[in-house]
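Read the structure below first, then the notes.
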Amino acid sequence: MKAQPKASHFIDGEYVEDTAGTPFESVYPATGEVIARLHAATPAIVERAVASAKRAQKEWAAVSPTARGRILKRAAEIMRERNRALSGLETLDTGKPIQETIVADPTSGADAFEFFGGIAAAGLNGSHIPLGQDFAFTKRVPLGVCVGIGAWNYPQQIACWKGAPALVCGNAMVFKPSENTPLGALKIAEILIEAGLPKGLFNVIQGDRATGPLLVEHPDVAKVSLTGSVPTGRKVAAAAAGRLKHVTMELGGKSPLIVFDDADLDSAVGGAMLGNFYSTGQVCSNGTRVFVHNAVRDDFLARLKARTERIVIGDPMDEATQLGPMVSYAQREKVLSYIEAGKAEGATLVTGGGIPNNVSGEGYYVQPTVFADVTDGMTIAREEIFGPVMCVLDFEDEDEVIARANATEFGLSGGVFTADLSRAHRVVDRLEAGTLWINTYNLCPVEIPFGGSKQSGFGRENSLSALEHYSELKTVYVAMGKVEAPY
Ligand code: NAD
């Protein structure tokens, strides 16, 4: 078994198995080969993970932020030292090409540990509020046991983006990776222990949609941070509301990317390709509705087609490969059915549209696909596909394109390519989304807040803002004189 971990779960500093849990297999998406056999968490495992986190959190909350930060920074160093091995594991877990994972996955996780470790000492200060002779002060206090639930597109990054701010604020975390990608988070848990994190503060348990609710509804859990689809977000938010838990929701999107006629066209084509084909299109913030001004539409499509047809599809472990398979057979089938819907509803297939014939075997590959002449009502323009399928829509006028871009329940991201600075700012101001880019797409360094609006979620990951979502303020009023009471 290529990537068999010592056991399915990591609790209180060690690997733990409970063979009473539902067995499941981890499959390498490029070949269909079983690379690990695991068990979903039983209720007993959930109890054990939450109890260990609850116990450990009490002591951790009393550790100084500087000391907490030091451990996270050490974890970042270890991740960087092991980047190649961790990237290889991420590729096995997801099927994403090593060319990507080596620059975008463990390194991004390490950035989160380094950033939050670095700001720990200053970022958690409270404030002093003068009130005449009296005063008040605020303290930023941890929430307690936080639960992280991950999607399958960035398993290591998601574990770190949630774990780093949670831990630095003095919380413990129980993390449940996606059942499609169970492996990476276990390594993050191991590395945190090696870096000096006390046992129980970062536990990983396996499972699927049956396991998630056991965590979300657990009375000892104070907060849930989910990365997943909108339907899952609705269920998790509703379950968390039963006990008024804190919630962060990083959900799906159908984001607009608008290319005006004065844009640097090669950059716009490059941005659109990165925003649709990176990670085989399995990126929540992707600009999947590419609105291109009529005046440059033909030129844009010609350059896009030529560059898309040069994408190297193949073995994800080969460093030359630029596009790997979808994460699972089910996801590939879903993407292929959207491609069929695009054809049936009258969109023009510019390139792709099926399974590539240069890759052999059982891998879940889909060709990078571009549809033109897409109209707003088509299924492929309205629903999140989560695969390498780009929809190009035409537009003529700024007001018109903004109205059409906003005509969606989603609001995760958006982008604009134009040489006109005023127009760029005007457009991003009017786009209803949480994260926007001007003349680039999908860059998400840890320094900037990331998250959605509308049905794409609430709360923010990364940046100083994340601290607010893993802590709360305690306010203390201090009276300096005697109490004056009218009775
Ligand atoms: P999903 O919603 O199917 O599953 C996400 C996670 O939730 C999994 O770990 C799953 O086991 C768990 N889950 C499912 N039902 C649950 C329930 N009722 N209670 C608790 N947990 C439950 O999503 P996916 O297919 O793994 O990922 C793809 C989706 O995630 C896409 O919609 C994508 O846009 C979104 N996503 C969003 C972001 C972001 O940051 N906004 C990032 C990556 C992916």
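The values are calculated or read from the model by the stated rules, or taken from the named source; none is laboratory data. Since this is a predicted model, take the numbers as computed values, not measurements. Counting neighbours? That spans all protein chains shown, and the Cβs are built from the backbone with ideal geometry, glycine included. Each accessible area value is taken on the protein alone, full model and side chains, heavy atoms only, with ligands, DNA and RNA left out. Shrake-Rupley method; radii C 1.70, N 1.55, O 1.52, S 1.80 Å.
Things worth noting here:
Quick grid of which residues meet (1) crowded, with 19+ Cβ neighbours inside 10 Å; (2) assigned to a helix (DSSP H, G or I):
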residue: 86; (1), (2): yes, yes
residue: 89; (1), (2): yes, yes
residue: 96; (1), (2): yes, no
residue: 108; (1), (2): yes, yes
residue: 114; (1), (2): yes, yes
residue: 117; (1), (2): yes, yes
residue: 121; (1), (2): no, yes
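- Among the residues here, residue 162 qualifies as on the phi < 0 side of the Ramachandran plot, among the basic types (Lys, Arg) and open to solvent by less than 10 Å² (accessible area, probe 1.4 Å).
- Candidates 316, 325 - the one that is open to solvent by less than 20 Å² (accessible area, probe 1.4 Å), over 23 Å from residue 269 (Cα atoms) and of a type outside the set (A, V, I, L, M): 316
- Qualifying positions in region 383-424 - more than 16 Å from the ligand (Cβ to nearest atom), under 30 Å from residue 355 (Cβ atoms) and of a type in the set (Asp, Glu): 394
- Subset tally (residues that are farther than 20 Å from residue 67 by Cα and open to solvent by less than 40 Å² (accessible area, probe 1.4 Å)) for region 123-145: 3
- All strands (runs of 3 or more DSSP E) inside region 1-53 with 2 or more residues being modelled with pLDDT of 95 or more and closer than 30 Å to residue 313 by Cβ: 23-28, 33-39
- Looking across region 359-388, the residues that are open to solvent by less than 50 Å² (accessible area, probe 1.4 Å) and touching a strand residue (DSSP E or B) at 6+ places or on another chain (Cβ under 7 Å) come down to 359, 365, 368, 369, 370, 371, 372, 374, 380, 381, 388.
- Residues within region 284-309 that are open to solvent by 60 Å² or more (accessible area, probe 1.4 Å) and either among the charged types (D, E, K, R) or closer than 15 Å to residue 386 by Cα (or both), tallied: 6
- Per-region count, region 434-450, residues assigned to a loop (DSSP other than H, G, I, E, B) and either among the charged types (D, E, K, R) or touching a residue at least 40 places away in the same chain (Cβ under 8 Å) (or both): 8
- Residue-level check: of (1) more than 18 Å from residue 122 (Cα to Cα); (2) surrounded by fewer than 15 Cβ atoms within 10 Å (Cβ to Cβ); (3) within 16 Å of the ligand (Cβ to nearest atom), residue 448 misses just (1).
- Tabulated pairs, region 44-72, first closer than 20 Å to residue 213 by Cβ, second modelled with pLDDT of 95 or more and in a helix (DSSP H, G or I), C-beta under 8 angstrom, 6+ apart or interchain: 46/214; 46/215; 50/215
- Qualifying residue in region 287-308 (condition: within 30 Å of residue 84 (Cα to Cα) and either over 27 Å from the mean Cα position of the chain (by Cα) or without any contact (Cβ under 8 Å) to a residue 60 or more places away in the chain (or both)): yes
- When region 284-302 is limited to residues that are of a type in the set (Gly, Ala, Ser) and closer than 29 Å to residue 148 by Cβ, the one that is nearest to the ligand (Cβ to nearest atom) turns out to be 285.
- Lone qualifier among 434, 342, 346 - being open to solvent by less than 10 Å² (accessible area, probe 1.4 Å) and either in contact with a strand residue (DSSP E or B) (Cβ under 8 Å, 6 or more places away or on another chain) or of a type outside the set (Val, Ile, Thr) (or both): 342
- Across region 318-335, the number of residues qualifying as farther than 16 Å from residue 360 by Cα, of a type in the set (D, E, K, R) and more than 16 Å from the ligand (Cβ to nearest atom) comes to 1.
- Test: residue 158 is modelled with pLDDT of 95 or more and either in contact with a helix residue (DSSP H, G or I) (Cβ under 7 Å, 6 or more places away or on another chain) or in a loop (DSSP other than H, G, I, E, B) (or both): no
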